C-alpha cells in the first residue's frame, strides 16, 4: 500500500512517517509511506492508495476529498491526538481501514 501524508511544509510529518514505517515493518507489511507539503499532494495523489492530511491543513479536506474521489483515493484528516503524539501504529491502522472501504 502507498500512503501519502500531507502537511503544511512536508516536514512536520517526518517523525510520523518514520513511526508508521516502523509499525508497518513490525507487522511484516511492506508499505511506501511519504509526506509532502500542501499543494504537492495534488501532484502525487496518483501514486497513493490513501491520502491523509495533517490537522494543520484540515482546510484542504473538501478540495482534496473531491480530487481523491475522482481518482479513487480515499482522503481523511489524521486524528489530532494521533498526529500530536506521532502514534504511527494508530495512523497506520486508520490508513488501512480507509483502503478497505
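The values are calculated or read from the model by the stated rules, or taken from the named source; none is laboratory data. Computed from a predicted structure; not experimentally measured. Every residue, glycine among them, receives a Cβ derived from its backbone with ideal geometry; neighbour counts consider all protein chains shown.
Could you please let me know if residue 42 is more than 17 Å from residue 77 (Cβ to Cβ) and in contact with a helix residue (DSSP H, G or I) (Cβ under 7 Å, 6 or more places away or on another chain)?
Numbers: more than 17 Å from residue 77 (Cβ to Cβ): no; in contact with a helix residue (DSSP H, G or I) (Cβ under 7 Å, 6 or more places away or on another chain): yes.
Here the answer is no, as residue 42 does not meet what is asked.
If you go through the stretch 38-54 one residue at a time, do you hit one that is within 21 Å of residue 86 (Cβ to Cβ), touching a residue at least 40 places away in the same chain (Cβ under 8 Å), in a helix (DSSP H, G or I) and in contact with a strand residue (DSSP E or B) (Cβ under 8 Å, 6 or more places away or on another chain)?
no
Go over the candidates 72, 38 one by one and state the one that is surrounded by fewer than 20 Cβ atoms within 10 Å (Cβ to Cβ) and modelled with pLDDT under 95.
Working: 72 fails: modelled with pLDDT under 95.
Matching residue, one of 72, 38: 38.
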